[in-house]
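Written out below as structure tokens is the structure these notes cover.
The values are calculated or read from the model by the stated rules, or taken from the named source; none is laboratory data. Bear in mind the structure is a predicted one, so any value in this text is a computation, not a measurement. In this analysis, Cβ positions are derived from the backbone assuming ideal geometry, glycine residues included, and neighbour counts consider all displayed protein chains.
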Amino acid sequence: MQWIIRLPFFVVLMGLGAVAMLVPAAHAAAVQDFNTMRVFFYGCILFSVLTLLIALTMSNYAPGNVARSQLTGLLAAFSVLPIMFAIPFYEAIQAQSFLNAWFEMVSSFTTTGASVYDTADRLTQSQHLWRSTVGWLGGLLVWITAVSIFAPMNLGGFEVRATAAVGKGTTSTFTQIGAVTDPSERLIRYTLALTPVYMGLTLALWIGLMTAGDSAFVALSHAMAVLSTSGITPVGGLYAASSGVTGEVLVFAFFVFALSRLTFSRGLAGERDRVLWRDPEFITAIVLSGLVTGVLFLRHFVLAPEDLAPASVIQMLTALWGGLFTVTSFLTTTGFESRYWDQATDWSLLSTPGLFLIGLALIGGGVATTAGGVKLLRIYALFRHLEREQERLLSPSSVGGGGREARRIRKQGAYISWVFFMLFALSLAGVMVLLSLTGVTFETSMVLSVAALSTTGPLAVVAAESPISFADLPDAAKMILAAAMVLGRLETLAIIALFNPEIWQR
């Protein structure tokens, strides 16, 4: 075990990725898809041997700064590992360019869920399972690294509550994380703590969806997609599954794990005294989901034509549920549609503008969850700062209360949140400009940029005026979007932290 701990983080991830190829190989053998079985089995052998050779070569590797090495390894993982994942996938499908296979793996591993395969029947079940497995592993990696790497360095949203500078040090807020001095041991510790939780939740949802009527394969794929917020589906969407409304209710219940880290890691991030119903992220998510759903529902009564026949109670209830489910799904950056979403948008002849869903995806889910976007905690910090500034305008002599942490969130937290928001906006503008240079129209480039940076691939299908096909994009545009997915998954602050001179000091 000790020699594995000392290996570079990227090498360990490479070995785990090679072993994961046995999953589609075993499934292909069970369904007698022998071509796919051979490709992934040989891929497992090839990359396992390659990993072993690299591990032997770097057995005496001793980085001067382990935290920097892990952060660099994480960047390399999302940038390089998809190439390894794409090789057997490309050999198995035998009908697409390697660029498409690589794009698919980048999208899956970053939990974006953007696919160049527009119809479900273009891939076999085993190949769909590989997409789901890669997305699921990407979600697990985000869970682990958020607590073990980002939290001690005050990155990934943890900087909102931190007292130290972004990208360095462990603050008193995360004393339990800082108690383990060796970053490699800390990584192992939280891997052992979070992996059983992640697997158990996936298993619970899998069993629930099978009980609701889905086949074992579809239920497993959707369970992986919900826990990782990748939105990867082998049947074209959750609305096409056999589990019906019961399945949607189960999935909706599991969205909570993308809204607040306290649902699965309470105590791991030094926050034992916090409870879910007092978590500002969870409360913010409830308020946002309720407000947007309410606006979408009530506008039908305000803007509907006067001569339109009144809707029945069943129509209104199904429309309300379709709106609530889809709104929450895009807030968690999963991107699943309810089977009643069309009814929620059209029951009074009013279509829903995609800007609603784009805005929700931009906000994203909770800190240290698999959700992307700006993150709810940053939005909460900006709201509290705005609230305090309005209070000062009305009562200039007032004193802001709430304790030391509340004051820190309103000041330093709001400041760094605004900095991140500006960096996110600049990244969005930059990706849009680059996509425009490849010939993509303005509206399409805006939707695709938000989808990539917020890791919400289904936005391209649902939020655009007409569905956008990733397969029809120029090759250059696919490469730009892949880079944007990696940037959105790691966040701009984490990459900027790599250029911090203090992190390179021995």
Item checked: Of all residues in region 296-331 being among the β-branched types (Val, Ile, Thr) and in contact with a Phe, Trp or Tyr (Cβ under 8 Å, 6 or more places away or on another chain), the one that is modelled with the lowest pLDDT -> THR318
Checklist line | Candidates VAL327, VAL302, filtered to the one that is without any contact (Cβ under 8 Å) to a residue 40 or more places away in the chain, assigned to a helix (DSSP H, G or I) and under 23 Å from THR111 (Cβ atoms) | finding: VAL327
Notebook entry, point to check: Is it the case that LEU227 is buried (at least 18 other Cβ atoms within 10 Å of the Cβ) and either touching a strand residue (DSSP E or B) at 6+ places or on another chain (Cβ under 9 Å) or at negative phi (or both)?
Noted result: yes
Item checked: Pick from region 108-119, criterion within 22 Å of the chain's Cα centre (by Cα) and at pLDDT below 95, ranking: nearest to ALA471 (Cα to Cα) -> VAL116
Note to self: Please go through region 393-411 and give me each residue that is closer than 24 Å to PHE158 by Cβ, in contact with an Asp or Glu (Cβ under 9 Å, 6 or more places away or on another chain) and modelled with pLDDT of 75 or more, ordered by number.
What the structure shows: ARG410
Check: Among the residues of region 212-222, is any out of contact with any helix residue (DSSP H, G or I) (no Cβ under 9 Å at 6 or more places or on another chain), at pLDDT 95 or above, of a type outside the set (S, T, N, Q) and within 26 Å of ILE286 (Cα to Cα)?
Finding: no
Notebook entry, point to check: Does any residue of region 235-242 turn out to be buried (at least 22 other Cβ atoms within 10 Å of the Cβ) and small (Gly, Ala, Ser)?
Noted result: yes
Check: Identify, please: which residue in region 450-473 is without any contact (Cβ under 8 Å) to a residue 40 or more places away in the chain and part of a helix (DSSP H, G or I) and is, among those, nearest to THR492 (Cα to Cα)?
Finding: VAL461
Next item on the list: Taking ALA311 as the residue in question, decide whether it is of a type in the set (A, V, I, L, M), in a helix (DSSP H, G or I) and in contact (Cβ under 8 Å) with a residue 12 or more places away in the chain.
Entry: no
Checklist line | THR202 among the hydroxyl-bearing types (Ser, Thr, Tyr), buried (at least 17 other Cβ atoms within 10 Å of the Cβ) and at pLDDT below 95 | finding: no
Check: Any idea which residue in region 194-231 is farthest from PHE264 (Cα to Cα), counting only those that are without any contact (Cβ under 8 Å) to a residue 40 or more places away in the chain and of a type in the set (Ser, Thr, Tyr)?
Finding: SER215
Margin query: Just the residues that are aliphatic (A, V, I, L, M) and at pLDDT below 50, please, taken from region 161-180.
Written below: ILE177, ALA179, VAL180
Check: Which residue pairs have Cβ atoms closer than 7 Å, lie 6 or more positions apart in sequence or on different chains, and pair a first residue in region 51-66 that is at negative phi with a second residue that is surrounded by 10 or more Cβ atoms within 10 Å (Cβ to Cβ) and outside any helix (DSSP H, G or I)?
Finding: ALA55/LEU7; MET58/LEU7; MET58/PRO8; TYR61/PRO8
Note to self: Name the single residue that is nearest to LEU448 (Cα to Cα) among those in region 97-126 being in contact with a Phe, Trp or Tyr (Cβ under 7 Å, 6 or more places away or on another chain), of a type in the set (S, T, N, Q) and outside any helix (DSSP H, G or I).
What the structure shows: SER115
Next item on the list: With the condition kept exactly as written, say whether any residue in region 181-193 is within 24 Å of ARG274 (Cβ to Cβ), of a type in the set (Val, Ile, Thr), outside any helix (DSSP H, G or I) and at pLDDT below 90.
Entry: no
Check: Do we find a residue being crowded, with 20+ Cβ neighbours inside 10 Å, more than 27 Å from PHE424 (Cβ to Cβ) and aliphatic (A, V, I, L, M) anywhere in region 338-354?
Finding: yes
Checklist line | Residues (closer than 23 Å to LEU490 by Cβ and of a type in the set (Gly, Ala, Ser)) located in region 415-443 | finding: SER417, ALA425, SER427, ALA429, GLY430
Item checked: Residues that are more than 23 Å from TRP136 (Cα to Cα) and assigned to a loop (DSSP other than H, G, I, E, B), drawn from region 21-62 -> GLN32, MET58, SER59, ASN60, TYR61, ALA62
